[in-house]
Amino acid sequence: MNTTIKAKDTFHASMRKYARLKRFFERFSADPDFMNNLKLNFNETLEKNHIKIDREDVRYLFEKENSETPEAVIKMWNIVQNKQRWVEQFYLNDCLPSKASMLSWRKRQIERQRYDLGPFFTNTNIHSSLAVELSQGCSVGCWFCALSPDSLKNNYSHETNQEEWIRFIQIMNSFLGNAIKSTFLYWATEPFDNPYYEKFCIDLYNETGVFPPTTTAVAHKDIDRIKQFLKLSSDYGTWLNRFSLTSLGIMRKVHKNYTEEELAEVECLPLNKKANYAYGNSGNFRERTKADPNLLAEQDEKLRTAPWHHKDSDYNSSEDYANGSICCVSGFLVNMVSRKIQLISPTTATDEWPLGYIIFDEAKFENIEELQIILNSWEERFFKSEMDLDDFVAFYPWIHTRFTENEVILKGRFNQKKQFSRIDDPVITKLIELITNTKSSFKEIQAHALEQFDISLIDSKKAINTLFSYGFISEK
């Protein structure tokens, strides 16, 4: 835990140290006219946008040639690196499910994502185990929202449901173990639509020891409430809050009403159309791109300028859009208003999964006792390390097989592939051929392997489950 605390403290220290520079780059990444305005009148442009830095801090922007990495870029990169170290330590080490069965399922979903959504998405994702919605619908209505919520209909009341809420946390805590610490309390919702949001966060902290991170799109509206929440969450040790800023006007208002110090540990995400940020191609945005393909092409150009994209031959030689999902949960999504629970994991958005995540199953619960029954049932059905004999065996439709004289290749999106030698892996290469050409159950594939290639049931079982563990075999 000392390593975790140190990682969070280091991340926060870098955000506080470079708070003013961080604000500058928030505007820089959002406003395509910002640079030209700086050149015309540096001080006036900064004052208009409520930014306080010296010209020397960003001198490199005005130099024609600069072979060395600018100091300002190094400082911002320092924040990014410290954040990633925290994510890896907390979410990928401290917040793992206690049940070996769920841990196996989670690892398998993460492996699948490498071939489905690409290594950058997979390596930077928090892979949380639980997201909880405290409202039904959302009041904001972002045109690009990747989760396509309905309009706000109702909220989960803390006054009438606190006892049930705490019991819910306890049940999930018992089931998830340390993974409960990865919980956050929004999804296709605006957290501050719920007037009791702060109280729910405090209850979660009291039961788990962790105050959840929060992302809001209304930081420009109820400013006093948000300021109080920033102080509250900081006092309880949250690791991050984020503001979704959907227009340049909203960004200017936020920067005017919050000091750099107040936003030091807040990520301000520029989500206006002309910002450097690229939208997730699911939900509302994906529907827009169907009608206007140029919209997706514009966003794709942004992605291709990112260093992790254009410096990686697997990415820059791929035609796939590298932001096919914004989902960050491989686990449970629960709405406390509708009392619906889903088992989900990220996937590239398609017509089958338009919101960018697979729904393995969903159910309604009337009370906490029913929720416990659902969890137990899903544990038996989904959280397993090996396939059952009657399970249908097929590769995901986006997995392509290629057979050469010396090897068999399974290839996913973004040129991600795994190669199997016919000499070193004769059993698994033959099983890949059978799975590709035969749409059958596990035991039927085994029978074919025995009949056609004299592969024993033990060896075929091991080979199929190896492919299963790599995330190649569909679980839906």
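Laboratory data are not the source of any read-out in this text; all were calculated from the coordinates shown. Treat the numbers as computed from the prediction; the structure is a model and nothing was measured. So basically every Cβ, Gly included, is an ideal-geometry build from the backbone, and we count neighbours across all protein chains shown.
Assorted remarks:
- The stretch 217-303 pair-distance distribution - Cα-Cα, 10 Å bins, rounded %: 16, 40, 26, 17, 2
- Overall form of the stretch 106-381 per C-alpha gyration tensor (a/c, 1.5; a/b vs b/c): oblate
- Once the C-beta distance of Gln228 and Asp454 is scaled by a Förster radius of 56 Å, the resulting FRET efficiency is 0.20 to the nearest 0.05.
- Partnerless cysteines, meaning none of the other Cys C-beta atoms lie under 4.7 Å away, in the chain: Cys95, Cys138, Cys201, Cys268, Cys327, Cys328
- Loop-resident sites, the stretch 49-78, for trypsin sites (Lys or Arg not before Pro), counting at most 15 other Cβ within 10 Å (DSSP): Lys52, Lys64
- Placing +1 on each Lys and Arg Cβ and -1 on each Asp and Glu Cβ, with no other charges, gives the stretch 11-115 a dipole about its Cα centre of roughly 720 debye.
- Size check on the stretch 1-94: the Cα extents along the three principal axes, sorted descending, read 50, 31, 20 Å.
- Sites matching trypsin sites (Lys or Arg not before Pro) across the stretch 286-374 that sit in DSSP coil, with at most 12 neighbouring C-beta atoms within 10 Å: Lys311
- Length gained on full extension, Lys340 to Ile359: 5.6 nm, using 0.36 nm per residue less the C-alpha separation.
- Pairs over the 23 Å Cα-Cα cut-off, from the set Lys430/Lys461; Lys8/Lys181; Lys17/Lys273: Lys17/Lys273.
- Within-13-Å neighbourhood charge of Ser244 [Cβ basis; K, R +1; D, E -1]: -1
- Longest stretch of the chain clear of exposed loop sites (GluC sites (Glu not before Pro), DSSP loop, at most 16 other Cβ atoms within 10 Å, sites excluded): 69-260.
- Given R0 = 22 Å, the distance between the Cβ atoms of Lys256 and Glu71 translates into a calculated FRET efficiency of 0.20.
- Fraction of the pair-distance distribution of the stretch 57-192 above 21 Å, Cα-Cα pairs, percent: 62 percent
- Full extension of the chain between Ser474 and Gln170 yields a length gain of 106.2 nm, computed as 0.36 nm times the residue separation minus the alpha carbon distance.
- Once C-alpha pairs closer than 8 Å and six or more residues apart are averaged by separation and normalised to the residue number of the chain, the relative contact order reads 17 percent.
- At 0.890 mPa s and 25 °C, Stokes D of the stretch 392-469 from Kirkwood alpha-carbon radius, µm² per second: 195 µm²/s
- Each label was represented as a point 7 Å from its Cα along the Cα-to-Cβ direction; for Phe392 and Asn41 these points are 6.6 nm apart.
- Helix 457-469 and the long axis of the chain differ in direction by around 10°, with both axes built from C-alpha atoms.
- Nearest 10 degrees, 0 to 90: helix 293-305 Cα axis against the chain principal axis: 80 degrees
- Relative exposure of Thr401, Thr69, Thr347, judged by other C-beta atoms within 10 Å (fewest first): Thr69, Thr401, Thr347
- Principal-axis tilt of helix 368-382 within the chain, Cα atoms, nearest 10 degrees: 50 degrees
- When the stretch 1-94 is described by a simple charge dipole with +1 on each Lys and Arg Cβ and -1 on each Asp and Glu Cβ, the residue from Leu38, Ile74, Tyr91 located farthest towards its positive end is Tyr91.
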